[in-house]
1. What list of ³J(HN,Hα) values in whole Hz, one per residue of segment 97-104 in order, does the Karplus curve 6.51 cos²θ - 1.76 cosθ + 1.60 (θ = phi - 60°) give from phi, with Gly and Pro shown as x?
2. Can you list the lysines whose alpha carbon sits under 16 Å from that of K284, skipping same-chain ones fewer than 8 residues off?
3. For Q334, which sequence-distant residues (separation of 5 or more, or a different chain) have an amide H within less than 5 Å of its own amide H, given hydrogens modelled in the peptide plane?
4. Take the Cα gyration tensor of segment 308-357, multiply each eigenvalue by 5, square-root it, and list the three semi-axes largest first, rounded to whole angstrom.
5. List every residue whose amide H lies under 5 Å from the amide H of Y384, counting only residues 5 or more places away in sequence or on a different chain, with H placed 1.01 Å from N in the peptide plane.
6. For C432, what residues show an amide H to amide H distance below 5 Å, using hydrogens built from the backbone and excluding near sequence neighbours?
7. Per residue of segment 119-128, what does 6.51 cos²θ - 1.76 cosθ + 1.60 with θ = phi - 60° give for ³J(HN,Hα)? Whole Hz please, x for Gly and Pro, Karplus curve as stated.
8. Does a label point 7 Å from the Cα of E369, set along Cα-to-beta-carbon, have any residues of segment 408-435 with amide nitrogen under 11 Å, and which are they?
Amino acid sequence: MALLAIVGRPNVGKSTLFNRLVGMRQAIVDDTAGVTRDRHYGRCEWCGREFSVVDTGGYTTNSDDVFESAIRSQVQIAIDEADAILFMVEAGTGITDYDSEIADVLRRSRKPVILCVNKVDSGEKMFDTYQFYSLGLGDVYAISSANGAGTGDLLDAIARILPEEKEVEDPYAGLPRITIIGKPNVGKSSLTNALLGQERNIVTPVAGTTRDAIETHYNQFGHEFMLVDTAGIRRKTKVHEDLEFYSVMRSIRAIEHSDVCIMMIDATTGMESQDMNIFNLILKNRKACVLVVNKWDLFVKDNNTLRDYEANLRQRIAPFDDVPIIFTSVVKMQRIQNVLDAAAEVYANYSRKIPTARLNEALLPIIEETPPPAWKGKYVKVKYVTQLPTKFPAFAFFCNLPQYIKDPYKRFLENKLRENFNLTGCPVQIYCRQK
């Protein structure tokens with residue numbers, strides 16, 4: 001998927017435009033300059049064309065901000081990664097020294113650049129945009145990211161400038177993609193080596209040894225798939241090297257392109273906040289999941305330890321607690337085959353297509369017995385249900401008043417789907433549509 005980077009000096013409205021493009025308030029917006037310090041990634045769709053967008057911190061030099069060099073470094077990384085650059089300036093202030101400096105950086109990058117003048121809220125301010133032609137970056141697009149004026153023409157230009165997706169013949173196309181993810185040093189590369197039966201990836205006690213997402217074709221014991229080992233994903237505050245920014249981004253991309261994620265956690269530390277962030281990333285991308293608790297041999301146990309540990313784990317990941325949990329010791333080769341079997345079963349559930357007749361036969365009597373709650377005296381009648389042609393399990397419930405079916409009832413429908421059909425390890429999406 002093509003990647004567009006939004007760059008510019010502080011407080012020109014980059015995060016406001018980013019939120020508008022991705023359709024949600026993902027990046028923090030404030031009048032204070034320099035609020036955005038990390039890169040934010042999101043997806044945008046325009047006229048059938050889908051692409052990724054990255055929002056960066058404001059590019060500055062010689063300021064008093066202690067984060068200046070880190071922000072500048074992240075902006076440079078975003079420029080290097082991107083297929084095209086959206087350079088944002090502000091109509092009211094005109095061309096500043098920072099704008100000229102960024103323009104020089106962009107010209108040297110030799111990447112396609114779109115020059116966007118923000119905060120053009122009136123016809124009078126349109127005259128302030130013409131001076132930006134002197135930057136020598138081509139056409140100038142006047143917008144107001146706050147109210148959306150001009151963003152349609154801007155998106156048309158972005159769609160034209162982004163490279164077309166190239167069709168590349170993949171000899172392993174159609175095979176399930178199983179990605180091993182987790183924090184650094186939980187045993188991801190060790191699990192990969194154990195599954196392959198060879199020292200495919202370097203393993204050391206040092207966290208962060210794996211830098212790239214490494215793909216391997218696996219075809220043993222009746223299983224065939226692409227196995228992807230990734231770099232550990234740690235909290236942003238713990239990431240200090242430019243190289244590790246690339247590594248974490250590649251791991252996130254690996255999740256986006258996977259079918260099943262084998263998420264590994266350390267038994268001795270349990271499900272920490274960063275583990276929950278990674279788990280939520282899997283859910284956000286609607287991927288199937290197998291949870292592997294590694295280093296179980298180091299955990300002090302009694303008779304009920306495994307049962308209690310698993311119960312606490314399912315409580316942490318609720319409401320999506322219908323996930324296979326495997327307790328392993330990769331070093332001692334314990335229950336490695338169970339991980340493969342669970343991943344294969346979860347992929348079968350993930351790719352299963354349930355006939356409409358079976359869905360209606362199972363669910364309509366349940367819905368008739370427990371209908372959606374009435375809303376302001378209006379009764380909702382669900383006519384029929386069908387599975388949507390998406391890669392992940394998604395179901396459409398057609399009814400007379402879809403706007404009155406609230407989240408609690410959608411969770412009820414999801415639970416009934418799981419009770420009647422094997423969807424273990426798969427996130428389920430429920431849509432209510434007008435009949």
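The values are calculated or read from the model by the stated rules, or taken from the named source; none is laboratory data. Keep in mind that this is a model prediction, so the values were computed, not measured. Because the Cβ atoms are built from the backbone with ideal geometry, glycine has one as well, and the counts that use them run over all protein chains shown. Note: accessible area is taken over every heavy atom of the protein model, side chains too, but ligands, DNA and RNA are not part of it. Shrake-Rupley method; radii C 1.70, N 1.55, O 1.52, S 1.80 Å.
1. Calculated HN-Hα couplings, in order: 4, 4, 4, 5, 5, 5, 4, 4 Hz.
2. K391
3. S329
4. 25, 18, 6
5. Hits under the 5 Å cutoff: F398.
6. Those lying under 5 Å, H to H, from C432 are F397.
7. 6, 8, 9, 8, x, 5, 5, 4, 5, 6
8. From segment 408-435, the list is empty.
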